[in-house]
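Trainee: This is the structure I have questions about; it appears just below.
The values are calculated or read from the model by the stated rules, or taken from the named source; none is laboratory data. Bear in mind that the values here come from a model prediction, so they are computed numbers and not experimental data. Neighbour counts run over all protein chains shown; Cβ positions are idealised from the backbone, glycine included.
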Amino acid sequence: MRMNSEQVDLSVKVIRKYFADAAVWLFGSRVDDTRKGGDFDFYIETALPDIALPMARARGELTDSLGMKVDLAVNNHTGDKPIFRIAKANGVRLA
């Protein structure tokens, strides 16, 4: 996993600031130690019914804090998307 412990702690802290009950995974290129570059992709599971504003705020704060592009896939269990299954199956759980 190409993410140090400080980045993990910071990311979980920011995500839980906006999604208090969140389970958090890192997925995508940052999970593969053989790859280079890439943004941070986080998969978040939450019970929060309205995710639009928290998602925008979390993405902005994470982008500023980590200094690079951040993508969030937020599953509040109101629909099913293939990215949710892929991220959870292939990602690394952070919290």
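Trainee: Quick check on the range 60-80: of everything there that is surrounded by 15 or more Cβ atoms within 10 Å (Cβ to Cβ) and more than 9 Å from the chain's Cα centre (by Cα), which residue is nearest to Arg2 (Cα to Cα)?
Mentor: Leu66
Trainee: Further question on the same structure: What are the residue pairs meeting all of these: first residue in the range 1-26, first residue under 21 Å from Phe84 (Cα atoms) and part of a helix (DSSP H, G or I), second residue aromatic (Phe, Trp, Tyr) and modelled with pLDDT of 95 or more, Cβ atoms under 8 Å, and 6 or more apart or on different chains?
Mentor: Ser11/Phe40; Ser11/Phe42; Ile15/Phe42
Trainee: For the range 27-36, name all the residues that are polar (S, T, N, Q) and either in contact with a Gly (Cβ under 7 Å, 6 or more places away or on another chain) or assigned to a helix (DSSP H, G or I) (or both).
Mentor: Across the range 27-36, the qualifying residue is only Ser29.
Trainee: Taking the criterion of being in contact with a Ser or Thr (Cβ under 7 Å, 6 or more places away or on another chain) and more than 13 Å from Ala95 (Cα to Cα), would at least one residue in the range 3-26 satisfy it?
Mentor: Among the residues of the range 3-26, not one is in contact with a Ser or Thr (Cβ under 7 Å, 6 or more places away or on another chain) and more than 13 Å from Ala95 (Cα to Cα), which makes the answer no.
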